[in-house]
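Structure record follows, encoded as structure tokens.
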């Protein structure tokens with residue numbers, strides 16, 4: 001892996017980058033998506049005497065399926081996370097990508113985001129626009145890193161050669177680096193410590209740039225999240241995503257000019273809606289955006305953002 005330090009494009013004074021936060025919702029509509037459930041069930045059967053029914057078993061619902069994926073891995077593997085993580089990484093890295101999914105990815109990129117923050121371990125963006133399987137020429141390291149920062153990818157991105165060449169950040173790890181994949185509370189704790197450290201430094205540097213009326217040069221996905229106008233879809237914002245919720249609270253307090261815009265096909269209600277209001281999460285969905293299926297919905301959202 002190259003040790004060369006790469007500078008990202010500077011953000012002009014008093015402007016905000018356009019940032020996408022996206023999750024595995026953009027992979028689920030396609031037949032080529034990985035059947036993660038079968039891997040989880042296999043791991044469960046190895047480690048538990050109790051039978052685990054299918055997610056949509058019409059006869060019985062198991063509470064296991066109510067947990068987000070990073071916690072399901074911990075439970076299914078009986079906390080032998082690395083074994084399951086490596087199985088998932090292998091599946092994700094070798095997965096094919098359907099032409100319809102390539103089409104959706106290009107629709108997303110045509111909205112011309114400056115940065116894309118993906119919670120996916122999978123490689124749908126890279127495989128859609130980078131020719132062949134050689135991603136290395138597009139790999140960027142933005143500063144000298146500690147061993148933990150290298151592992152978590154806080155300062156590592158891929159520049160996508162399409163549209164306006166946005167940087168892609170796998171904020172919870174990538175299948176290309178098996179041990180980078182954030183699974184369970186232990187990994188989230190390590191990630192959150194790095195996020196807090198970078199966020200505090202970003203806050204100081206960015207306020208200095210504003211005072212001096214100078215451009216600001218981002219170095220991490222954390223910077224883009226805080227400074228930018230963030231558009232989010234295909235991501236459920238589960239309450240277990242401690243790094244995202246912590247950043248939302250800081251964004252509201254210290255970066256009030258920036259926005260967080262959440263696009264939901266079905267509007268969330270209840271307690272989580274109260275958190276959205278608390279952290280000023282905007283939900284600009286209109287009935288004209290809702291398509292017949294998720295693929296059409298995402299395309300309509302991208303057209304609206306563009």
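Computed from the coordinates by the stated procedures, all read-outs in this text should not be read as laboratory data. What you see is a predicted model, and the numbers here were worked out from it, not measured in a lab. Reconstructed Cβ throughout: ideal geometry from the backbone, glycine too, with neighbour counts over all protein chains shown.
The length gained on full extension between residue 136 and residue 46, counted as 0.36 nm times the residue separation minus their Cα-Cα distance, comes to 28.8 nm.
Could you tell me how far the Cα centroid of region 222-258 sits from the Cα centroid of region 167-207, in Å? If we compute the Cα centre of each part, the gap is 13 Å.
Label region 138-183 by shape, choosing from rounded, prolate and oblate, from the square roots a ≥ b ≥ c of the eigenvalues of the Cα gyration tensor; if a/c is under 1.5 it is rounded, and otherwise prolate applies when a/b is larger than b/c, oblate when it is not. Oblate.
Counted residue by residue at 0.36 nm each, then reduced by the alpha carbon distance between them, the extension gain from residue 242 to residue 65 reaches 61.8 nm.
Between Rg and the Kirkwood Rh of region 207-306, both from Cα atoms, what is the Rg to Rh ratio?
Details: Rg = 15.2 Å, Rh = 15.0 Å.
Value, to two decimals: 1.01.
Protection proxy ranking, highest mean first, for peptides 120-131, 222-233: 222-233, 120-131, where packing is the per-residue count of other beta-carbon atoms within 10 Å, averaged.
Shape call for the chain from the C-alpha gyration tensor, a ≥ b ≥ c root eigenvalues: rounded (a/c under 1.5), prolate (a/b greater than b/c) or oblate?
On the way: a/c = 1.44, a/b = 1.33, b/c = 1.09.
Rounded, because the longest to shortest axis ratio a/c is under 1.5.
In plain terms, the chain from residue 269 to residue 210 could stretch by 17.5 nm, reckoned as 0.36 nm per residue minus the Cα-Cα distance. In this calculation the C-beta distance from residue 83 to residue 304 is compared with R0 = 41 Å, giving a FRET efficiency of 0.45. Cα centroids of region 132-147 and region 16-46: how far apart, whole angstrom? If you average the Cα positions of each part, the centres end up 23 Å apart.
A simple spin-label model places pseudo-atoms 7 Å from Cα toward Cβ; at residue 13 and residue 147 they are separated by 4.3 nm.
If a/c stays under 1.5 just call it rounded; otherwise compare a/b with b/c (prolate if a/b is bigger, oblate if not). Do that for region 36-93, with a ≥ b ≥ c from the square roots of the Cα gyration tensor eigenvalues. Prolate shape, in that a/c is at least 1.5 and a/b is the bigger ratio. Between residue 278 and residue 38, the FRET efficiency estimated from the beta carbon spacing at R0 = 51 angstrom works out to 0.85. In region 223-306, Cα pairs under 8 Å separated by at least six residues give a relative contact order of 29 percent. For the peptides 111-119, 296-304, the ranking by packing is 111-119, 296-304, with the highest mean count of neighbouring Cβ atoms within 10 Å listed first.
Using Cα-Cα distances under 8 Å and only pairs 6 or more residues apart, what relative contact order does region 36-93 have, in percent? Before the final figure, lay out the partial values.
Values: 43 pairs, mean separation 20.9, N = 58.
After rounding, I find 36 percent.
Which whole-number percent gives the relative contact order of the chain, counting Cα pairs below 8 Å spaced six or more residues apart? Can you show the working numbers first?
Working: 468 pairs, mean separation 75.2, N = 306.
Computed value for the chain: 25 percent relative contact order.
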